[in-house]
1. From the set of residues in the range 140-162 that are open to solvent by 10 Å² or more (accessible area, probe 1.4 Å) and not in a helix (DSSP H, G or I), which is farthest from Glu90 (Cα to Cα)?
2. Answer yes or no as to whether Lys309 is farther than 22 Å from Ile22 by Cβ, of a type in the set (Lys, Arg), at pLDDT 80 or above and assigned to a helix (DSSP H, G or I).
3. Answer yes or no as to whether Tyr76 is at negative phi, open to solvent by 10 Å² or more (accessible area, probe 1.4 Å) and touching a residue at least 24 places away in the same chain (Cβ under 8 Å).
4. Going through the range 229-271 one residue at a time, which ones are in contact with a Gly (Cβ under 7 Å, 6 or more places away or on another chain) and at pLDDT 85 or above?
5. Answer yes or no: is there a residue in the range 27-50 that is under 33 Å from the mean Cα position of the chain (by Cα), in a loop (DSSP other than H, G, I, E, B) and touching a residue at least 60 places away in the same chain (Cβ under 8 Å).
6. Cβ-Cβ under 6 Å, sequence separation 6+ or interchain: first residue in the range 135-153 and within 21 Å of Glu65 (Cα to Cα), partner open to solvent by less than 50 Å² (accessible area, probe 1.4 Å) and in a helix (DSSP H, G or I). Which pairs?
7. Out of (1) open to solvent by less than 70 Å² (accessible area, probe 1.4 Å); (2) farther than 30 Å from Thr267 by Cα, what's the single condition that is false for Leu195?
Amino acid sequence: MKILYVGPLMMINKLVPMSKRIFPNLEFDYITYERYTDAPDLLEHYDKKVDAVLFSGKSPYKICENQMNQSILMDYVPRHETTLYRVLLEITYLLKRDICRLSVDTYDKKMMQKLYKEIHVELREDSVFFAEQRYMDPNYKDYVVAFHRKNYYEHHVCCCITGLEEAYREMKSEGIPVVLAVPSEDVVVQSVRNLQIRYIAKKNSENQIVVVAIKLNVPSEYSLMKEDEYSYLSQRIKIMDRLYHFNHRIDGVLVEQSKSECMIFTTKKIIETETNQYKDFYLLDALREVSAVPVYIGIGYGKTANESKYNAYESMKKMERSRQNSVYIVFENGEVMGPLETGRGAKKQDSFDEKFYRAATETGLSVNTIYKIFGGIVKEEKADFTSRELAAICGVSVRTMDRIILKLCDAGYCEVISEKLMHKSGRPSRILRLHPLQIHNG
């Protein structure tokens, strides 16, 4: 896929190198302008073939959207809240200016109010001014500069925020304190991915077969879990329960290839709708919640079921090499998308044994003791126990178990939730709640 960036030089110098670094499988080209109103003419005379056009801002996009025939995919890099956070930090710590006295274009009042509320700063209407967003006005840049110039020279504000590089250069040359709202890396990445998905969706039919391949990382020969087949099978049952639930939601066909591998056959339209165009691939988080075993997921597109299956395995190999909690996709033309992160972000997953060794280090207990307690929780299928019940599970005295519990509580793996009278006479027993997910997810 080839994407053409359209924007002013300063913005292009940031966007293009960043995109080439993050998306090595994509091609990028660019054209630059002095005034954004020149963008339609520049595009008309661009004679190279591209699959999509990505504008650096909304102003040139709106002009081209209105004046040109959209036979090609077009989008723009939006002004996001994360960009605004960076701008406010720059004003506060680099320019040493007051963020309560600003002149602003590009961003609307509602977004600023929300952001200021989050950082517990009062946004006063008589000290923060917002320019009208006249994107279709050919003299919009001149209007923006005049707006900021008036607010600054009349001493209403101490700094300006603009999304127009042309306006930024002009105000900078006059000595007006101004910050250019350059989009953050996360915003650029999401913009490119949105174009990718739209481009691929345009090329592929809605009923194209898609295969989701899932592989459990089976414990090694000397793994602690390998020694306890019940624990491993219990983990597998929980994982398969989540997989069948996901399969039911997408109306797919789940095929178990082996004890550690399975595939889900579905369609392009269903999987992309269910995951909100892969922005929320919640299956990975759902599996992580119940599994101490690393799970690899790969998705494959193809013209045939067999080709989709092959591409799913190819994407799963990339997942295994990266060893991250993320998802890769291989499309029928060989293009690769990924790693796609879940809401929790891509975090390198520790092996099952490493988690127990870490828990042992944090509590000062032996690995085998930690494992016995965890194994007991799995077999009993509950999280609340008395000290006597845990002592029976671990094969130690109640007094020894009390010392173990104290260490678990200090490290955050256990807490006392209540007390219960177990007999007609005597002291009540503590009811302890263990947190196995602390061990699962680290």
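1. Glu154
2. Values: farther than 22 Å from Ile22 by Cβ: yes; of a type in the set (Lys, Arg): yes; at pLDDT 80 or above: yes; assigned to a helix (DSSP H, G or I): yes.
Spelling it out, Lys309 is indeed farther than 22 Å from Ile22 by Cβ, of a type in the set (Lys, Arg), at pLDDT 80 or above and assigned to a helix (DSSP H, G or I).
3. Values: at negative phi: yes; open to solvent by 10 Å² or more (accessible area, probe 1.4 Å): yes; touching a residue at least 24 places away in the same chain (Cβ under 8 Å): yes.
Yes.
4. Let us first name the residues in the range 229-271 that are in contact with a Gly (Cβ under 7 Å, 6 or more places away or on another chain), namely 231, 264-266.
Of everything in the range 229-271, those that are in contact with a Gly (Cβ under 7 Å, 6 or more places away or on another chain) and at pLDDT 85 or above turn out to be Ile264, Phe265, Thr266.
5. Looking for residues that are under 33 Å from the mean Cα position of the chain (by Cα), in a loop (DSSP other than H, G, I, E, B) and touching a residue at least 60 places away in the same chain (Cβ under 8 Å), one finds none in the range 27-50, hence no.
6. Listed by first residue and then by second, the contacts come to Tyr135/Ser59; Pro138/Thr37; Lys141/Glu166; Lys141/Ala167.
7. (2)
To keep it simple, each residue is scored yes or no on (1) within 30 Å of Val16 (Cβ to Cβ); (2) touching a Phe, Trp or Tyr at 6+ places or on another chain (Cβ under 8 Å); (3) surrounded by 12 or more Cβ atoms within 10 Å (Cβ to Cβ); (4) of a type in the set (S, T, N, Q).
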position: Arg35; (1), (2), (3), (4): yes, no, yes, no
position: His45; (1), (2), (3), (4): yes, no, no, no
position: Tyr61; (1), (2), (3), (4): yes, yes, yes, no
position: Glu81; (1), (2), (3), (4): yes, no, yes, no
position: Asp98; (1), (2), (3), (4): no, no, yes, no
position: Tyr107; (1), (2), (3), (4): yes, yes, yes, no
position: Lys110; (1), (2), (3), (4): no, no, no, no
position: Val128; (1), (2), (3), (4): no, no, yes, no
position: Asp137; (1), (2), (3), (4): yes, yes, yes, no
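The values are calculated or read from the model by the stated rules, or taken from the named source; none is laboratory data. This structure is a prediction, so every number in the text was calculated from the model and none was measured. Virtual Cβ from ideal backbone geometry, glycine too; neighbours counted across all protein chains shown. All accessible areas refer to the heavy atoms of the entire protein, side chains included, with ligands and DNA or RNA removed. Shrake-Rupley method; radii C 1.70, N 1.55, O 1.52, S 1.80 Å.
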